[in-house]
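Chemist: I'd like to ask some things about the structure below.
The values are calculated or read from the model by the stated rules, or taken from the named source; none is laboratory data. Everything numeric in this text was worked out from a predicted model, so none of it was measured. Here the Cβ positions follow ideal geometry from the backbone for every residue, glycine too, while neighbour counts run over all protein chains shown. SASA here: full protein model, heavy atoms, side chains in, ligands and nucleic acids out. Shrake-Rupley method; radii C 1.70, N 1.55, O 1.52, S 1.80 Å.
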Amino acid sequence: MGKVVSPNLSKVESDSISRHRRGQSPTTDHRHKSISSITPSDPLTVTLPADEFTLQRHLGLPSGVCLIIGVIIGAGIFISPKQVLANTGSVGLCLTVWAVSGVIALLGALCYADIGTVIPRNGAEVAYLKEGIGSVHPLAGDISAYLYNWANTFILKPASVSILTITFAEYFLLGIMGSKACGPPKELIIITAIFIILILVNINSLSVSAANRLNIIFVVCKVLTVMTVIIVGFIRLGQGKTEHLENAFEGTTTKLSGIALAFYNGLFAYDGWNSLNSVTEELKNPKRNLWLSIVLALPTLTILYVFTNISYFTVLSKHELLVSDAVALSWGDVVLKSGARALVILISISALGSANGTLFAASRNCMVGAQYGYLPEVFACIQSKRLTPLPSIALQGFIAIIFCFVYDIEALIDFFSFAAWIFYGLTFFATLCCKSTKKNVERVLSAPVPLIVFMIIVSIYLVIAPVIADPQYGYLYAAALILSGLIFYYPFVYLKMDFKIITSNDSVHRHGQSVIIENRRASTKFNNQPELLTAESPKDEVVLKRRLGLFSGVCIVIGTIIGSGIFISPKSILEETKSVGLCLIIWTICGLISILGALCYAEIGAVIPRNGAEVAYLKEGIGSVHERTGDILAYLFIWTSTLITIPSTIAVISLTFSRYFLSGVMGDCEPSKELVTLFAIFTILMLININAISVSAANRLNIIFVICKVLTIMTVIIVGLVRIGQGHTLNLKHSFDGTTTKPFGVALAFYKGLFAYGGWNNLNSVTEELKNPKRNLWLSVVLGLPSVIVLYVLTNISYFTVMNKVELLSSDAVAVTWAQVALGPVVRALPILISISALGSASAILFGGARCCMVGAQYGYLPELFACVQSQRLTPLPGVVLLVGFLAIAYSIPSDLYALIDFFSFSVWIFYGLTFVTTLCCKFTKKDVQRMINVPIPLVIVIILISIYLIIVPVISYPSVGFLIAALVILFGLVFYYPFVYRKIELQLMKKTSSSCQVFFKLQRGQINIE
């Protein structure tokens, strides 16, 4: 749950601020009752801490210095040099502008430090305008503060985050791809930028300390990167490389407008000098650390920036710098040569750190604006457990994502600078007002009045001069967007009109609970329904809830199966069968084998209705015949599945998603191996995040993926049927010509085909979360698998209406080759749809794999930590994040898909066969248990024999080190079985780690949920 946050102020300051917490100016008595005036009988107080919720003072002097440096050193020093030089015309004036911009930033920051100690609030400008100008004229202060909050929330900060993340994406992808001729396309840059924004939103929502530590790490990387550039520059100066610095003022512009635009771009590189004021309430001893952080950080940055530009000019001439699309990269190509790619990646990390700091500060501005009544009250809330302004962080991230689609960085810089300096100037004016109206307030640092007047004049110049010299629609749009805020000011701020959809208790209860943020005014409803609180935060056992119905079960079956296999395996199956006819037969038989196997699993799943599938079946099924044998086999399965099969499958599918997606986005450019691997890792991290947050979210996402999968497959099939109707059947004639006679080749073909059907058993892994599992388990199989068989066979037929055997075997991406002929100009759309199909399969496997890991820990085969679920979200967080997810990332690094498929198939069919033996055992040891479906014993024996065939024949036919490694890894688990499972020896380090993780992630041991 969340709670409206109280400003973190001292007793002396609290009285002067209390009216602002209510969103009231002294003259607006008509506004609604204060949040803080809610009586102590507020019903939620029984479930929340007695003290007010405030942002904690986590940030000391080093953190303050790092925040300023972290926000400032970002994209500007790598983007702006080109624009500054273009507007100044000479090297000398360019360096002068960089130095003067640093001085202006320092002077502006000192003025902010002055007013920041007088009005020690988070939110910086919004508080200073409200209380500074408001101390002279309350309504003027209220309107100017509102307009700043409007512009800052919807323009300034999101645009800045967008610029920085786009810069990160551009440099990072360029460093990974390492090719100027085939650089990252615009679409890929935007997608990467959006993904990074989502990661930053996640981190900042999780923990203030985590965001602060991450910022410190980024600062270290930034300083090392800049120092590398500077040191190399000094070395080149010592070598006499000064020709580009001679006659430094030659060609200097005489246009004041050009100089103004140069300052625009230079000051953008210093933007963030005011960022520390946005977190004043989280700064320890702000009256000392605020101004001291500024004095330590900004002069250092000015020196670093000037020296960095000098280093650029030791390598690049004016012309070379002006024609460069990436200044730092052009510099690195000359100086570092093969090491240039590493520099580019470091530069991208620098921009990423700045984006993190900007988002950190922006969310506080947004929150303070809501406390003053300028935004809906939900944005004044913080997450009650983690004490982070979650709604504000999410809002800023969402708007930044929208700005990513603008993409034009230079236009965004002009747009940002124009709007920002309007409010910087107003804030300097507020500082001047406070010199008279708050002259009795103690100031540690007092900026002289002439200095404040000078900064006001500088602000006016930077706003007016570019508009007069070079009128652009961008300035008009900025002004119009700022003034458009007045449309909403009168009804929603001045008159305090409320939308029912925002203020209704029902709405807040319904939506607030899902994100663990709630409006305090909703508390009355909770007080009248205490059972809701009990359901949300159970005090007794913590269990995984039964949220999955029949439709969800069918979607899990289809969603897991239709993934990468149908787009990878056709080539490898044809290689082994040598003919079209046998290839299609293999696809059909593989489907029938999968149905038979799934029905056996459905039978034993009804007898042993546990999550985890094989681990529970081996433990309790074979264990019902011989307890120790069942225990060892179940342990070896959990050892193998958590270390090999599940993570490797997720890795294979994620790599396929990455390859197809990048092929669709990049068009004619082939994505590099490094980029494919990196994108696969990003994908796995995203899936970890979704599955860790919410079971319902993961389930809904799976349903969306299934719809995309079926539509994609149906597109391929329909086009194939149309082509057959047009007479394109040449490749289907004489379909058995060249058929292989090698049984071992047929066995390997079955391997590839059954991999494409992999996931037929995935629903058994979530039996405890399935409604009415005795009915829905087998019914989901009966509805899902036959549909997949029909789709798969028709898809392969469609492939052969376009490609003959030779063309299909020579294709690296079967579906893309098909689309190039069949779809023509829309070919790029199909690989993206195929990639989404693979992504859905990976999500479903991760969903089931985490449950398997959890059940293994409940049986004592893994550390107890993995038997826990997150107590609020009821997700098996340790299994999702700490084991399955990170191992999948490790498997993604060697991107040989076919080797991974062989490795997976060999080890997994060992345990499929053992599970079928378990089904046979339970026919006798648990014959009295009611079964909704009863597979005949002969069919069970048939599937056991098939399993043995699929294990032995490929090993005899094609001995491979991969098979040996798989066998050794499986048997190696016995080394740990005796001490840690049989003897139950516990390592103190593991116990301490487990306890720490349980406290930090709020974990509780999950209980068994069997109907």
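Chemist: Determine whether region 333-353 contains at least one residue that is surrounded by fewer than 20 Cβ atoms within 10 Å (Cβ to Cβ) and not in a helix (DSSP H, G or I).
Modeler: So far as region 333-353 goes, yes, one or more of its residues are surrounded by fewer than 20 Cβ atoms within 10 Å (Cβ to Cβ) and not in a helix (DSSP H, G or I).
Chemist: Here's another thing I want to ask about it. Quick check on region 449-468. Is at least one of its residues at pLDDT below 75 and touching an Asp or Glu at 6+ places or on another chain (Cβ under 9 Å)?
Modeler: Of all residues in region 449-468, those at pLDDT below 75 come to 465-466.
Retained after the next criterion (residues that are touching an Asp or Glu at 6+ places or on another chain (Cβ under 9 Å)): 466.
Yes, there is a match, as at least one residue in region 449-468 is at pLDDT below 75 and touching an Asp or Glu at 6+ places or on another chain (Cβ under 9 Å).
Chemist: Right, here's the next one. State the number of residues belonging to region 110-133 that are assigned to a helix (DSSP H, G or I) and either hydroxyl-bearing (Ser, Thr, Tyr) or within 17 Å of ILE452 (Cα to Cα) (or both). So that I can check it myself, show each step before the final result.
Modeler: From region 110-133, those assigned to a helix (DSSP H, G or I) are 110-118, 125-133; that's our starting set.
Imposing the further condition that a residue be either hydroxyl-bearing (Ser, Thr, Tyr) or within 17 Å of ILE452 (Cα to Cα) (or both) reduces the set to 110-118, 125, 128-129, 132-133.
The number of residues fulfilling the criteria is 14.
Chemist: Filtering region 136-145 down to residues that are over 17 Å from ARG364 (Cβ atoms) and either part of a helix (DSSP H, G or I) or aliphatic (A, V, I, L, M) (or both), which residue is farthest from the chain's Cα centre (by Cα)?
Modeler: Within region 136-145, the first condition is being over 17 Å from ARG364 (Cβ atoms), and the residues that meet it are 136-144.
From the residues that got through so far, the ones that are either part of a helix (DSSP H, G or I) or aliphatic (A, V, I, L, M) (or both) too are 136, 138-144.
Numbers: VAL136: 46, PRO138: 43, LEU139: 42, ALA140: 41, GLY141: 39, ASP142: 37, ILE143: 37, SER144: 35 Å.
By that ranking, first place goes to VAL136.
Chemist: Report every pair of residues separated by at least 6 positions or lying on different chains whose Cβ atoms are under 6 Å apart, first residue within region 338-359 and farther than 15 Å from ASN215 by Cα, second acidic (Asp, Glu) and open to solvent by 10 Å² or more (accessible area, probe 1.4 Å).
Modeler: From region 338-359, the pairs are ALA340/ASP333.
Chemist: Another question about this same structure. Check SER787, SER835, SER780, SER811 and return the single one that is assigned to a loop (DSSP other than H, G, I, E, B) and either modelled with pLDDT of 85 or more or not charged (D, E, K, R) (or both). Talk me through it step by step, then tell me what you get.
Modeler: Values: SER787 fails: assigned to a loop (DSSP other than H, G, I, E, B); SER835 fails: assigned to a loop (DSSP other than H, G, I, E, B); SER780 fails: assigned to a loop (DSSP other than H, G, I, E, B).
Exactly one residue qualifies, and that residue is SER811.
Chemist: Sticking with this one: Can you pull out every residue in region 267-302 that is of a type outside the set (S, T, N, Q), more than 15 Å from PRO62 (Cα to Cα) and not in a helix (DSSP H, G or I)?
Modeler: Hits for region 267-302 are TYR270, ASP271, GLY272, TRP273.
Chemist: Would you check if GLY339 is over 30 Å from TYR490 (Cβ atoms) and touching a Gly at 6+ places or on another chain (Cβ under 8 Å)?
Modeler: Yes: the conditions hold for GLY339.
Chemist: Restricting region 217-266 to residues that are in a loop (DSSP other than H, G, I, E, B) and among the aliphatic types (A, V, I, L, M), which is surrounded by the fewest Cβ atoms within 10 Å (Cβ to Cβ)? Outline the logic, then answer.
Modeler: Looking only at region 217-266, we keep the residues that are in a loop (DSSP other than H, G, I, E, B), and these are 239-255.
When the remaining residues are screened for being among the aliphatic types (A, V, I, L, M), the result is 245, 248.
On the way: LEU245: 14, ALA248: 16.
So, considering only residues that are in a loop (DSSP other than H, G, I, E, B) and among the aliphatic types (A, V, I, L, M), the one surrounded by the fewest Cβ atoms within 10 Å (Cβ to Cβ) is LEU245.
Chemist: Here is a further query. Looking only at residues that are open to solvent by less than 30 Å² (accessible area, probe 1.4 Å) and aliphatic (A, V, I, L, M) in region 469-498, which one is modelled with the highest pLDDT?
Modeler: In this case the residue turns out to be VAL493.
Chemist: Please work out if LEU214 is open to solvent by less than 60 Å² (accessible area, probe 1.4 Å), modelled with pLDDT of 85 or more and closer than 23 Å to ALA342 by Cα. It would help to see each step written out before you state the result.
Modeler: Numbers: open to solvent by less than 60 Å² (accessible area, probe 1.4 Å): yes; modelled with pLDDT of 85 or more: no; closer than 23 Å to ALA342 by Cα: yes.
Against the criterion (open to solvent by less than 60 Å² (accessible area, probe 1.4 Å), modelled with pLDDT of 85 or more and closer than 23 Å to ALA342 by Cα), LEU214 does not qualify.
Chemist: Keeping to region 272-314, report how many residues are open to solvent by 10 Å² or more (accessible area, probe 1.4 Å) and in contact with a Ser or Thr (Cβ under 6 Å, 6 or more places away or on another chain).
Modeler: Total meeting the criteria: 2.
Chemist: Limited to region 920-957, what total is found for residues that are in contact (Cβ under 8 Å) with a residue 60 or more places away in the chain, assigned to a loop (DSSP other than H, G, I, E, B) and open to solvent by 40 Å² or more (accessible area, probe 1.4 Å)? Let's see the steps before the verdict.
Modeler: We begin by selecting, within region 920-957, every residue in contact (Cβ under 8 Å) with a residue 60 or more places away in the chain; these are 921-922, 925-926, 929-935, 939-940, 942-943, 946, 949-950, 953-954, 956-957.
Pick out the ones that are also assigned to a loop (DSSP other than H, G, I, E, B) and you get 926, 929-935.
Now restrict to residues that are open to solvent by 40 Å² or more (accessible area, probe 1.4 Å): 926, 929-932, 934.
Qualifying residue count for the region: 6.
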